[in-house]
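The values are calculated or read from the model by the stated rules, or taken from the named source; none is laboratory data. Predicted, not measured: the structure shown is a model, and the values here were computed from it. Here the Cβ positions follow ideal geometry from the backbone for every residue, glycine too, while neighbour counts run over all protein chains shown. To get the accessible areas, we keep the full protein, side chains included, count just its heavy atoms, and leave off ligands, DNA and RNA. Shrake-Rupley method; radii C 1.70, N 1.55, O 1.52, S 1.80 Å.
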Amino acid sequence: MFSESEHEEVLNARLVELREWLRPLGLGVDRGERAADEWVDLVVHLSRPSGAARTYAVLVKRAVPAELATALHPHASLPTLVVARSITGQAADLLRARGIDYVDEAGNAHIKWDDVLIDVRGRRKTSARTGGSPPPGSKAFGRAGLKVGFVLLTWPTAAGKPLRGLARASGVSLGTAQAVVDDLAKAGYLYEVAGERRLARAGELLNRWSEAYSTRLSPALILGDFEAADLSWWRDAEEELTRADVQVGGEAGASVLDPHLVPATLTLYAAEPPRSLIGRHRLARAERGGNVHVRRRFWTADRQSWIVPSTLIYADLLASGDPRQREHADRMRSSDDRLAGLDRL
């Protein structure tokens, strides 16, 4: 974690960069301060020469693809400004639709309040990196750390178990599990009572975990994309899927929890590509897209259902880049007992 002086150095560097990006748009940064919420990078007060002003919660990312644009969680009480090296055109459309303002290094921006409207599109940067920006120095939101975070969020009592069991369930080394637990404890997401670790601020952790999952872990899990002429076969295939050691996630999994949802895609989690299912149901390999997504199951906890835990279904919906699925995720956040329980921790 950063020392006090290091925090100030990072804050000042971000303010200088933000001022440089906003000046050509006719906006000034009157002041900036560290946010009370750790997941917000800073709070800034923007103004126009006319005197119009607004205070924003700022989220700083390396780059924003569509998957992150749907996964981002805006601030609960302040308008949100996303600042990134690059923001794809599709991501910009999604942010505008969600009422989230943004600016990137190339000068693309959408900033709107009262009689202020800045809308710049189509500018390109020569090079860009993809992926969200986890907290500097944090292992908890790297690829391996996200596996540990999934187990903690899905089975909160795992926080109090021996580290070796947590590492085994997460599919990571003991050293990695220790480093992640240390990081989460320093950030205030784990604390000890009578020598036993417990999860704290779990709803906030779920926000940060699901955002990082969308660009860091989810893309690494892809085993193959396929196209199915008939996508309805899986609904009556619980026994078949169980025999093949395959679980259902994504919006198909969400539709099991909410029968009113009609999924347009099917996400399957397995240890390896389920060749028997692929052949039997004539799933054709799709070079791009497809309506069936096969992903690697990365945790090793005992199976409890033919669908994956709701924590992962929620993250899949957020990472879809689909506004419709984002809406389902928001409803699921309050209706699902496991997710609602995290918000109460």
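At a glance:
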{"item": "Test: residue in region 307-329 that is farther than 17 Å from residue 252 by Cα and charged (D, E, K, R)", "result": "no"}
{"item": "Single condition residue 340 does not satisfy, out of (1) part of a helix (DSSP H, G or I); (2) closer than 18 Å to residue 72 by Cβ", "result": "(2)"}
{"item": "Which numbered condition residue 320 misses (of (1) surrounded by fewer than 18 Cβ atoms within 10 Å (Cβ to Cβ); (2) among the small types (Gly, Ala, Ser); (3) within 25 Å of the chain's Cα centre (by Cα); (4) not in a helix (DSSP H, G or I))", "result": "(1)"}
{"item": "Only one of 282, 288 that is in contact (Cβ under 8 Å) with a residue 24 or more places away in the chain, assigned to a loop (DSSP other than H, G, I, E, B), open to solvent by 50 Å² or more (accessible area, probe 1.4 Å) and at positive phi", "result": "282"}
{"item": "Among (1) under 14 Å from residue 258 (Cα atoms); (2) without any contact (Cβ under 8 Å) to a residue 60 or more places away in the chain; (3) not acidic (Asp, Glu), the one test that residue 325 misses", "result": "(2)"}
{"item": "Qualifying residue in region 255-272 (condition: open to solvent by less than 10 Å² (accessible area, probe 1.4 Å), in contact (Cβ under 8 Å) with a residue 24 or more places away in the chain, in contact with a Leu (Cβ under 8 Å, 6 or more places away or on another chain) and assigned to a loop (DSSP other than H, G, I, E, B))", "result": "no"}
{"item": "Elements of type strands (runs of 3 or more DSSP E) contained in region 1-84, each with 1 or more residues being among the hydroxyl-bearing types (Ser, Thr, Tyr) and modelled with pLDDT of 90 or more", "result": "42-47, 53-64"}
{"item": "Hits in region 244-254 - residues which are open to solvent by less than 10 Å² (accessible area, probe 1.4 Å) and either among the hydrophobic types (A, V, I, L, M, F, W, C) or over 15 Å from residue 312 (Cβ atoms) (or both)", "result": "246, 248, 252, 254"}
{"item": "Among residues of region 291-317, those that are touching an Asp or Glu at 6+ places or on another chain (Cβ under 8 Å), within 11 Å of residue 257 (Cβ to Cβ) and either charged (D, E, K, R) or open to solvent by 20 Å² or more (accessible area, probe 1.4 Å) (or both), counted", "result": "0"}
{"item": "Residue satisfying all of: in region 172-197; part of a strand (DSSP E or B) and not basic (Lys, Arg); farthest from residue 299 (Cα to Cα) among these", "result": "193"}
{"item": "Top-ranked residue of region 222-243 - restricted to ones that are part of a helix (DSSP H, G or I) and open to solvent by 10 Å² or more (accessible area, probe 1.4 Å), ranked as nearest to residue 327 (Cα to Cα)", "result": "235"}
{"item": "Residue check for residue 136: under 30 Å from residue 190 (Cα atoms), of a type outside the set (Lys, Arg) and modelled with pLDDT of 85 or more", "result": "no"}
